[in-house]
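First up is the structure itself, then whatever we jot down about it.
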Amino acid sequence: MNSSIRYDNCDVAIIGAGPAGLAAAIALKKKGIERVLVLDREGEAGGIPRHCGHPPFGIVEYARVMSGPSYAKRLVKTAQQAGVDIRLQISVTNLGQNGSLSLATPAGTIDLKAKRVLIATGVRETPRAERLVSGGRVLGIATTGSLQSMVYLKNMIPFRNPIIVGTEIVSFSALLTCKKAGIKTIAMLEENKRPTVPWPIHHSTRLLGVPLLLNTQIINIIGSKRVEAVQILDRRQKIREIICDGIIFSGKFTPESTLIRMSHLSIDPETNSPIIDNFGRCSDPAYYAAGNLLQPLNMAVNCWREGRKTADWIAKDLNDAP
Ligand SMILES: Cc1cc2nc3c(=O)[nH]c(=O)nc-3n(C[C@H](O)[C@H](O)[C@H](O)COP(=O)(O)OP(=O)(O)OC[C@H]3O[C@@H](n4cnc5c(N)ncnc54)[C@H](O)[C@@H]3O)c2cc1C
């Protein structure tokens, strides 16, 4: 798919081939916008659903219950059938004035000028480095995203007996992924007094035989080459050790807004998302934003809807332009 890119002007460049970016691209093509280019740093299009090996996806979009990977494939196929140009293994590294982009490609750095740019870069979980947990840099530490990409996309088993830190919906997705891969979760840790997920989801830990430790914090990682144990501060404020060979730091989603922070676009310091107007337009009117980047963490269908809605505004903007 990456053979020859025409790096001259394009009508709309979309950064991110997840549900928001692909839905916008399909809608733009249907509205008659000619040159719509979707760029993604990954080797496969589809965004996060590619490695969510569970339902429910696609109920509104395709009137059926699909797993994440089937949904991602279907979205990509719909986009290709609509004539969207999807380019992979391309990281956008700079957002310049009026839609001038710098791209890092396997062939080197390239500049692209687009009449409009839609930023749909999604979210990421907060990794260990940003959680300030002490201990060495050892193997066996993952986020839900990296675990699922190892298990579902690379057929790898990164550990056998991990603990999961967090009790958001995504933490339970990690729990199910472990179960599916034959990985035995040792415990689930939550620093607050109550689990983050609504009742009764957290009871699934009991069904799966996984202890749920509330009011408990991970304070230190022990191991020379890989994780051998963790020290926790339990609900009685006592320090104790749990033997495990892996840690999944789940949730605490934050917008994937590195590009925006480095650019001239205005950003909301509290949410870390770009500031947009009622039409999804950023402080530089050549740029728009949509999807999870604006409201972590939403269901795929909402990002898909938002992508389509933002495409309407972009198409109108282009058609009204002198
Ligand atoms: C573990 C988990 C389970 C989930 N389960 C469900 C579920 O069951 N049902 C449901 O409806 N939703 C679910 N979701 C939510 C759903 O996956 C998201 O709402 C949806 O993927 C968000 O779409 P998006 O297009 O905004 O971003 P994403 O899907 O995150 O796509 C963003 C894309 O941008 C690319 N990108 C980022 N930066 C750059 C850059 N600089 N250059 C080029 N490309 C870049 C990324 O590679 C990525 O492909 C789940 C999410 C997670 C994490």
**Message:** Conditions first: (1) farther than 19 Å from Leu22 by Cα; (2) among the polar types (S, T, N, Q); (3) without any contact (Cβ under 8 Å) to a residue 40 or more places away in the chain; (4) within 16 Å of the ligand (Cβ to nearest atom). Gln237 passes all but one, so which condition is the exception?
**Reply:** (4)
**Item:** Considering residues of region 267-309 that are under 19 Å from the mean Cα position of the chain (by Cα) and of a type in the set (Ser, Thr, Tyr) only, the residue modelled with the highest pLDDT
**Value:** Tyr288
**Request:** With the condition kept exactly as written, say whether any residue in region 61-68 is surrounded by fewer than 23 Cβ atoms within 10 Å (Cβ to Cβ), at pLDDT below 95 and within 14 Å of the ligand (Cβ to nearest atom).
**Result:** yes
**Request:** With respect to Ile164, determine if the residue is in a loop (DSSP other than H, G, I, E, B) and more than 9 Å from the ligand (Cβ to nearest atom).
**Result:** no
**Request:** Scan region 125-141 residue by residue and report those that are touching a helix residue (DSSP H, G or I) at 6+ places or on another chain (Cβ under 7 Å) and within 16 Å of the ligand (Cβ to nearest atom).
**Result:** Glu125
**Request:** Output the number of the condition that Ile248 fails; it satisfies all remaining conditions of (1) in a loop (DSSP other than H, G, I, E, B); (2) within 14 Å of the ligand (Cβ to nearest atom).
**Result:** (1)
**Item:** Options Pro269, Pro322, Pro274; residue that is more than 9 Å from the ligand (Cβ to nearest atom) and crowded, with 24+ Cβ neighbours inside 10 Å
**Value:** Pro274
**Request:** Of all residues in region 103-124, count the ones that are more than 9 Å from the ligand (Cβ to nearest atom) and at pLDDT 95 or above.
**Result:** 5
**Request:** Collect the residues in region 1-35 that are more than 25 Å from the chain's Cα centre (by Cα), in a helix (DSSP H, G or I) and either at pLDDT below 95 or small (Gly, Ala, Ser) (or both), keeping them in residue-number order.
**Result:** none
**Asked** Can you name the number of the only condition in (1) of a type outside the set (Val, Ile, Thr); (2) surrounded by fewer than 16 Cβ atoms within 10 Å (Cβ to Cβ); (3) in contact with a strand residue (DSSP E or B) (Cβ under 6 Å, 6 or more places away or on another chain) that Asn155 fails?
**Response** (3)
**Complete:** Residue pairs qualifying under the 9 Å Cβ cut-off, at least six apart or on distinct chains, with the first in region 64-80 being farther than 16 Å from Cys52 by Cα and the second being among the charged types (D, E, K, R) and assigned to a helix (DSSP H, G or I), are Thr78/Glu61; Ala79/Lys29
**Complete:** Looking across region 93-140 at residues that are of a type in the set (D, E, K, R) and assigned to a strand (DSSP E or B), the single one that is surrounded by the fewest Cβ atoms within 10 Å (Cβ to Cβ) is Asp111
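Given the structure, is Leu147 under 22 Å from Ser70 (Cα atoms) and surrounded by 15 or more Cβ atoms within 10 Å (Cβ to Cβ)? Steps first, answer last, please.
Working: under 22 Å from Ser70 (Cα atoms): yes; surrounded by 15 or more Cβ atoms within 10 Å (Cβ to Cβ): yes.
For Leu147, the condition - under 22 Å from Ser70 (Cα atoms) and surrounded by 15 or more Cβ atoms within 10 Å (Cβ to Cβ) - is met.
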**Message:** With the requirement that a residue be more than 8 Å from the ligand (Cβ to nearest atom), among the hydrophobic types (A, V, I, L, M, F, W, C) and either over 17 Å from His264 (Cα atoms) or not assigned by TED's automatic domain parsing to the domain that holds Ile48 (or both), what does region 277-293 give you?
**Reply:** Phe279
**Prompt:** Can you tell me which residues in region 69-92 are within 11 Å of the ligand (Cβ to nearest atom), assigned to a loop (DSSP other than H, G, I, E, B) and on the phi < 0 side of the Ramachandran plot?
**Reply:** Leu88, Ile90
**Request:** Report whether or not Ala20 is within 23 Å of Val117 (Cβ to Cβ), buried (at least 18 other Cβ atoms within 10 Å of the Cβ) and either more than 6 Å from the ligand (Cβ to nearest atom) or not small (Gly, Ala, Ser) (or both).
**Result:** no
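Checking the conditions here, which among Arg261, Arg308 is surrounded by fewer than 24 Cβ atoms within 10 Å (Cβ to Cβ), within 16 Å of the ligand (Cβ to nearest atom), touching a residue at least 60 places away in the same chain (Cβ under 8 Å) and of a type in the set (Lys, Arg)?
Details: Arg261 fails: touching a residue at least 60 places away in the same chain (Cβ under 8 Å).
So the residue among Arg261, Arg308 that is surrounded by fewer than 24 Cβ atoms within 10 Å (Cβ to Cβ), within 16 Å of the ligand (Cβ to nearest atom), touching a residue at least 60 places away in the same chain (Cβ under 8 Å) and of a type in the set (Lys, Arg) is Arg308.
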**Message:** Consider region 294-305. How many of its residues are near the ligand (Cβ under 9 Å from one of its atoms) and either touching a residue at least 60 places away in the same chain (Cβ under 8 Å) or of a type in the set (Asp, Glu) (or both)?
**Reply:** 6
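The values are calculated or read from the model by the stated rules, or taken from the named source; none is laboratory data. Just so we're clear, the structure is a prediction, and the values are computed from it rather than from any experiment. Counting neighbours? That spans all protein chains shown, and the Cβs are built from the backbone with ideal geometry, glycine included.
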